[in-house]
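Visitor: Sharing a structure below in structure tokens format, with a few things to ask.
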Amino acid sequence: MSILVDEKSRVVIQGITGREGMTRAKLMKDYGTNVVAGVTPGRGGQDVYGIPVYDSVEEAGEKQGPIDISVIFIPAALVKNAALEAIAAGVKLLVIVPDRVPIFDVLEISGAAKEKGARFVGPNTLGLLSPGKAVLGMIGGRAERAREWFKAGPIGVSSRSGGMTSAISYYLTQAGCGQSTIIHVGGDAIVGLSHPEVMELFEQDGETRAVAMFGEIGTTQEERVADLIESRKFSKPLIAFIGGKAAKSGTRFSHAGAIVEGSRGSYETKVKRLREAGVLVVDSILDIPKKAKELLK
């Protein structure tokens, strides 16, 4: 099993005729993702690597059948309209790759998604990957690399850093610990599916036996994971690494969502809460595969 996407999920790519859209369409199709259509207004009738292009998500659905997922590769200023279009067309999962999407636009997307029973990953995300089944976004870069680096198995991966999403999964593979689903929740202050929501999805997945989480300073995602564990809504073993140990109050660490304000979202607060909840908090990324191997034994 996997969460959010598998080989049967029907995917549309919004912005497929742009440079980034074309590059990632090749990755996704070559990996085996079931990409049924692309969308770029005014480019209907074209095709990209054999994927038919339509002028709207609604038209793509009419011509190709129901759409499960939309992956969005368009300029940040246009993301809101594209996301709202997909939600209105009945798409239930969006992967919003671009960064610098205005916060008020994200809030509007979030409101529309809740109203229609949809979900979204990102913005500012590399996407997600279920090894051997499908990739949404840009994880791995090329299909052959993604197949080599990420292998199917029982460890779920959830990360706030794109680079660490790939690195942790690669190190797990090298240690013989395959992954059920790898997800980069996004680096912004406000995102769709955050760590707690991802943990709930992994909890429901029969294949996932344990989860590796990369957290960092800023926001309260990690503290809310601790709350989830204490309320018994997440019961599987969790290994966590928290980035930003040396950051001082008022310092932004790497991402827009990684900033300490007073004691809120600090490294110390996150580590303390997670350890109180029974999470295995490690001091090095390389300790994650070691702990995973111990747990699987």
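The values are calculated or read from the model by the stated rules, or taken from the named source; none is laboratory data. As the structure is a computational prediction, the values presented were derived from the model and not from experiment. Neighbour counts are summed over all protein chains in view; Cβ atoms, including those assigned to glycine, are modelled from backbone coordinates with ideal geometry.
Visitor: Identify, please: which residue in the range 1-41 is hydrophobic (A, V, I, L, M, F, W, C) and out of contact with any Phe, Trp or Tyr (no Cβ under 9 Å at 6 or more places or on another chain) and is, among those, modelled with the lowest pLDDT?
Guide: Here the answer is MET1.
Visitor: Can you name every residue in the range 93-104 that is surrounded by fewer than 20 Cβ atoms within 10 Å (Cβ to Cβ) and either closer than 24 Å to ARG19 by Cα or in contact with a Gly (Cβ under 7 Å, 6 or more places away or on another chain) (or both)?
Guide: Hits for the range 93-104 are ASP99, ARG100, PRO102.
Visitor: Conditions: (1) assigned to a loop (DSSP other than H, G, I, E, B); (2) in contact with a Lys or Arg (Cβ under 6 Å, 6 or more places away or on another chain). PRO154 meets all but one. Number of the miss?
Guide: (1)
Visitor: So how many residues does the range 54-73 have that are in a strand (DSSP E or B) and within 23 Å of GLY141 (Cβ to Cβ)?
Guide: Result for the range 54-73: 4.
Visitor: Consider PHE120 carefully, then state whether it is part of a strand (DSSP E or B), aromatic (Phe, Trp, Tyr) and in contact with a helix residue (DSSP H, G or I) (Cβ under 9 Å, 6 or more places away or on another chain).
Guide: yes
Visitor: Just to be sure I understand, how many residues within the range 74-117 are hydrophobic (A, V, I, L, M, F, W, C) and either in contact with a Ser or Thr (Cβ under 6 Å, 6 or more places away or on another chain) or not in a helix (DSSP H, G or I) (or both)?
Guide: 10
Visitor: Determine whether SER159 is of a type in the set (S, T, N, Q), modelled with pLDDT of 95 or more and not assigned by TED's automatic domain parsing to the domain that holds ILE190.
Guide: no
Visitor: List, please: which pairs have Cβ atoms under 8 Å, are six or more places apart or on different chains, and start with a residue in the range 40-67 that is in the same structural domain as ALA25 (by TED's automatic domain parsing) and surrounded by 14 or more Cβ atoms within 10 Å (Cβ to Cβ) and end with one that is part of a loop (DSSP other than H, G, I, E, B) and at pLDDT below 95?
Guide: Hits for this filter: zero, empty list.
Visitor: Scan the range 18-49 residue by residue and report those that are among the small types (Gly, Ala, Ser), over 20 Å from the mean Cα position of the chain (by Cα) and either more than 21 Å from ASN81 (Cα to Cα) or assigned to a loop (DSSP other than H, G, I, E, B) (or both).
Guide: Across the range 18-49, the qualifying residues are GLY18, GLY42, GLY44, GLY45.
Visitor: Now a separate question. Within the range 110-121, identify whether any single residue is at pLDDT below 95 and more than 25 Å from GLY18 (Cβ to Cβ), and answer yes or no.
Guide: No, every residue in the range 110-121 fails to be at pLDDT below 95 and more than 25 Å from GLY18 (Cβ to Cβ).
Visitor: Checking ARG147 against (1) in contact with a Phe, Trp or Tyr (Cβ under 9 Å, 6 or more places away or on another chain); (2) buried (at least 19 other Cβ atoms within 10 Å of the Cβ), which single condition isn't satisfied?
Guide: Condition (2) is where ARG147 drops out.
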